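Each remark here refers to the structure printed beneath this line.
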Amino acid sequence: MMMRKMMERFQDSPAAADGGLGDSMEVDGGGVNLPLLQERFSREYTKLYMKMAAVARQQSNYAVCHKYLSLTEKAIKEFFPGDSKLQLDWLRNVAEMRIQQATQDPSPTKIEPLVALLDKLEAAGKASLAGNHSLARRHYLLEGRAFDVLAKAFSDDGENIVNVLQESRVVQLNKMLGLPPSALPPHDEVTRKLLLKSLGAFKSATKAGTSEMNVTEKPEGMVKALTEMALFCDRALQAEEDGDATPLDTEQFPSVVVMYSLKAMKYGCRTAVQRFPRLLQLLELHPATTSDFKKKCCEVPQWMFIGWISQMLPLMDKAEGEAVEGILHSIAVTYPQAICYPFKISMHDFKCDDSAVGKQRLESINRLKASLDSKLVDDFVVALEQLNSPELAWKDMLEMELQPLMEQTAARRSGEQVKKIWRQIYSQLLDGRASQSTSSQSSSLYGTQSTFSLQAGERIKKFARDHLKKIEKGFGGKDGDKLVKMAPKTFAVACKELFDGMRPMLNKSSGPGLLKEYSPWLHNFHASSSDLYTDTIEVPGQYTGHSEPLPEHHVKIAGFDEKVLVMSSMRKPKRLTIRGGDERDYMFLVKAGEDLRLDQRIEELFGVMNGILMEDPACSQRGLHLTTYKVIPMTSRVGMIEWVQNTKPLKDFVQSALSDEERKNYGRPAAMQVEWLQKKYSNNYKVMYKKAPRSEVEKKYREKVQALPWDMLRQGFFKLSSSPEAFLILRSHFVLTYATLSICHYVLGIGDRHLSNFMVDLESGAAVGIDFGHAFGTATQLLPYPELMPFRLTPQMTSLIRPHSEKGQLRSCMTHVLRALRNNPELLLATMDIFVKEPLLDWRANAKKQCRALKMDVPKEESWYPKEKLKQAEKKLLGYNPAYVMREDLRSGHRNTPEYSSLEQILMGDPKSHVRASVGERCSSVEEQVACLICHATDPNILGRTWAGWEPWA
């Protein structure tokens, strides 16, 4: 606009009008050539149109993109008919739009214009690429992507494409593929030719990018070419892995993917860093890539691998360990506290055989262990274990250690092993000594080795005083003599009776407490005054893998606050405050008795998802991302979670806005639910599943919803806001983040989404998800009252966005997020591979539960269960109907129960009323998949049957 006004001023000036200055016009003593100025302004207009078209394309706004490309074409024809470079730039912009359209919608109508454009692009490229490496690299990348899109389209729907293509387009396509200008050959042959053209174009792009790097010394262009080539080759490899034949010779593809990806990592490519787990998969599938992998890894800065330590460690006892041991040993030397905690977890799962390779692996593991030995770190971990409530520690040790042995008959179980485990439990929880210690021959509560005695706190001493006599009487003293011949049922009853007697003390332990009552070691620790240790310990969570760490500047632990906050949740986690060496406080939630690797891996996946959303134009423009926090597992049963400041649980957030009278009535819907179940279905959910008709369930559900104010959540945001404008901003941010959260949770199968498992950021209004104990569909599979909804979308949530409906901003954001994730399935699935390589303890237990439920033998191969879970996640990313996906989870846990057929019918819905029931097994678009999800999540027939503790009415 400003340029146009300036040009009009020059043209309308008196000097220009009377022609007194000819083609020149005096300005402050100088001269301006009017035609030259007009040409310059027109060129800038044209470039501006192309930039605006590019921005519209990035936002998938093809109508606006087409408009500005048309204006660009008109300007070129009018002002620059002989400028081949400008014409080629315009042609490339059109090609980018056509390729993106065809990628998102590979229908025949989108393919035909791409064929016509490719012919022009090839012809224009041949005349203008000589000597210009940057232009050549961009041109070949564009050609490679276009041919790849065409190949996929012909492979998927070749017959319909041929029927739509005009005869002239067939001639053009045959010409590009080097075929006679007659009818097209069979679809398979066309696909093969197109893939070969794509491969050739990517090779040319890589060559041009390398030449560009040599001339300009700037690696960006080369990195783009390497990444595109690696992605192309990897797609062909993945097709082979899925059992689909590829017409390409893929023998060299694994090495290409490995070498090109690591070379891109060397120059700081974040996409290549995110795809590193895929390289670990290729090492297993193609061992011949090991030498290339090792060679190229030496060129990559070691800190770039820090984010994937947990993925590499499980390979140390396998043949692939040879490839990663150099990386891990280097990290152990340079950044020991980045790897010490993951190594403590993985070392208990290492299994090296007696073969030559197994002995090499064991030697490498021992060298890594020796380089990481730290008395201070070991004692710190044992001290954190002391924060576990002794009642829960007792219950955990019986269930994890003794119960598997006691489930066997007395004749079959090993009495010696039973006594050994019992003595360990006794020594740590009941012997009344003033210290807890573990030697090299024994392990602490969850397997941590420590060479120092740690003084026991008053809390565990009181536990021993209160329960020692009863336990000795029931189990046979310090040696557990009665356990050897005790019947399994007798053991189970005795354990339950003892734990019931411990519950009152456990329930009273919530609220503020003193650290010294749990762990005198933590209470007395002062970094400056300790004579026992020669090293220091860093505040956990400072190694992210996003940038090069500087350990000398990392914050060290100086001490701990004397108070802890015991949370009221089931596991009684403790909030611990660390005094940093920088005179700041760092709060963490210490959880014992839980395998936090699941939460850590979920947060890692959230990080990968954030990277995908950031790269997606529609999502980045709207600021769609997940709030993440650090999770640091110390062992398989203790860890720390970063305390998220300025947040409040969603349940507390909602209740804080209620009046005293409303707060008193908050529990009324739950009471109504209990009354209804008792009156009609013997207080039995399973009977209700089978006998309650849909009309009755929906009616009762509406009554419970109406028993609470419709705007509880809305009032919470009103109370948080300082003005109406602030309310709209906070509400909008909550809706955006909640929509993102819901889709990401759905893909990962995260359940148990009751109100206490969400947090609200009191500064921004953002929604934050916490506690991922039920992930990958286990809330549907394993809970006695299975969850049948994909995420939480109750009436309170939809009331917040009134007067709009869930079909507006909420659905739009969900669609953008799901589309971005579906466009990058291989990145997420490669990151999930850690679940297969190193199964969680809880997943091993879940696998046994599933086998018992289905009355089948437990397979010897542990990976069957995680592979099954990852297959479910893949189906979601491939666009399967959420009801069909969830039905698989339901079958795996409840197929043999009397209520299964009723649950299945409730889950699948009614074709007359529910979108998900009228769509087939696979959705035709992202929009249809989101519509099914919203229908599924808001179905009153499902919400009305949900367990009362989930509070589906709130």
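Quick notes on this structure:
- For region 897-909, the set of residues classified as open to solvent by 70 Å² or more (accessible area, probe 1.4 Å) and either assigned to a loop (DSSP other than H, G, I, E, B) or aliphatic (A, V, I, L, M) (or both) consists of P898 only.
- Residue count, region 696-720 (criterion: among the aromatic types (F, W, Y), part of a helix (DSSP H, G or I) and either open to solvent by 20 Å² or more (accessible area, probe 1.4 Å) or free of Cβ contacts under 8 Å to residues at least 12 places away in the same chain (or both)): 1
- Residue in region 493-515 that is farthest from R413 (Cα to Cα), counting only those that are without any contact (Cβ under 8 Å) to a residue 40 or more places away in the chain and open to solvent by 30 Å² or more (accessible area, probe 1.4 Å): K508
- Of all residues in region 398-425, those that are open to solvent by less than 30 Å² (accessible area, probe 1.4 Å), touching a Phe, Trp or Tyr at 6+ places or on another chain (Cβ under 9 Å) and within 21 Å of A464 (Cβ to Cβ) total 4.
- Meets criteria (over 20 Å from E284 (Cα atoms) and assigned to a loop (DSSP other than H, G, I, E, B)) for K912: yes
- Residue match in region 593-601 (condition: under 20 Å from S509 (Cα atoms) and in a loop (DSSP other than H, G, I, E, B)): yes
- Residues in region 669-695 that are in a helix (DSSP H, G or I) and more than 19 Å from S901 (Cα to Cα): P669, A670, A671, M672, Q673, V674, E675, W676, L677, Q678, K679, K680.
- The set of residues in region 848-896 being surrounded by fewer than 16 Cβ atoms within 10 Å (Cβ to Cβ) and closer than 17 Å to L788 by Cα consists of R895 alone.
- Look at region 668-690: where a residue is without any contact (Cβ under 8 Å) to a residue 60 or more places away in the chain and a partner is hydrophobic (A, V, I, L, M, F, W, C) and outside any helix (DSSP H, G or I), sitting 6+ places away or on another chain with Cβ atoms under 6 Å, you get R668/A707.
- Condition met for A146 (part of a helix (DSSP H, G or I) and crowded, with 16+ Cβ neighbours inside 10 Å): yes
- Of all residues in region 915-934 being open to solvent by 40 Å² or more (accessible area, probe 1.4 Å) and not in a loop (DSSP other than H, G, I, E, B), the one that is farthest from V817 (Cα to Cα): S918
- Restricting attention to region 57-83, the residues being small (G, A, S), within 45 Å of the chain's Cα centre (by Cα) and at pLDDT below 90 number 1.
- Remark: L827 matches the filter, which requires a residue to be over 21 Å from V919 (Cβ atoms), of a type outside the set (D, E) and in contact with a Lys or Arg (Cβ under 7 Å, 6 or more places away or on another chain).
- Among (1) open to solvent by 40 Å² or more (accessible area, probe 1.4 Å); (2) touching a residue at least 24 places away in the same chain (Cβ under 8 Å); (3) in a helix (DSSP H, G or I) - the single one K648 does not satisfy: (3)
- Of residues in region 544-587 being in contact with a Phe, Trp or Tyr (Cβ under 8 Å, 6 or more places away or on another chain), in a loop (DSSP other than H, G, I, E, B) and surrounded by 14 or more Cβ atoms within 10 Å (Cβ to Cβ), the one modelled with the lowest pLDDT: G545
- Every residue from region 935-954 that is open to solvent by 10 Å² or more (accessible area, probe 1.4 Å), part of a loop (DSSP other than H, G, I, E, B) and over 20 Å from L741 (Cα atoms): R945, T946, W947
- Looking across region 721-760, the residues that are over 21 Å from A657 (Cβ atoms) and outside any helix (DSSP H, G or I) come down to L748, G749, I750, G751, D752.
- Test result for R579, touching a residue at least 40 places away in the same chain (Cβ under 8 Å) and basic (K, R): no
- Search result, residues across region 186-230 that are farther than 28 Å from V162 by Cβ and among the aliphatic types (A, V, I, L, M): A205, A208, M213, V215, M222, V223, A225, L226, M229, A230
- Failed criterion for V539 (all others in (1) modelled with pLDDT under 95; (2) within 32 Å of the chain's Cα centre (by Cα); (3) crowded, with 18+ Cβ neighbours inside 10 Å hold): (1)
The values are calculated or read from the model by the stated rules, or taken from the named source; none is laboratory data. Predicted model only: the values in this text are computed from it and were never measured. As a convention, Cβ positions derive from the backbone with ideal geometry for all residues, glycine included, and neighbour counts pool all protein chains shown. Just the protein is used for accessible areas: all its heavy atoms, side chains included, with ligands, DNA and RNA removed. Shrake-Rupley method; radii C 1.70, N 1.55, O 1.52, S 1.80 Å.
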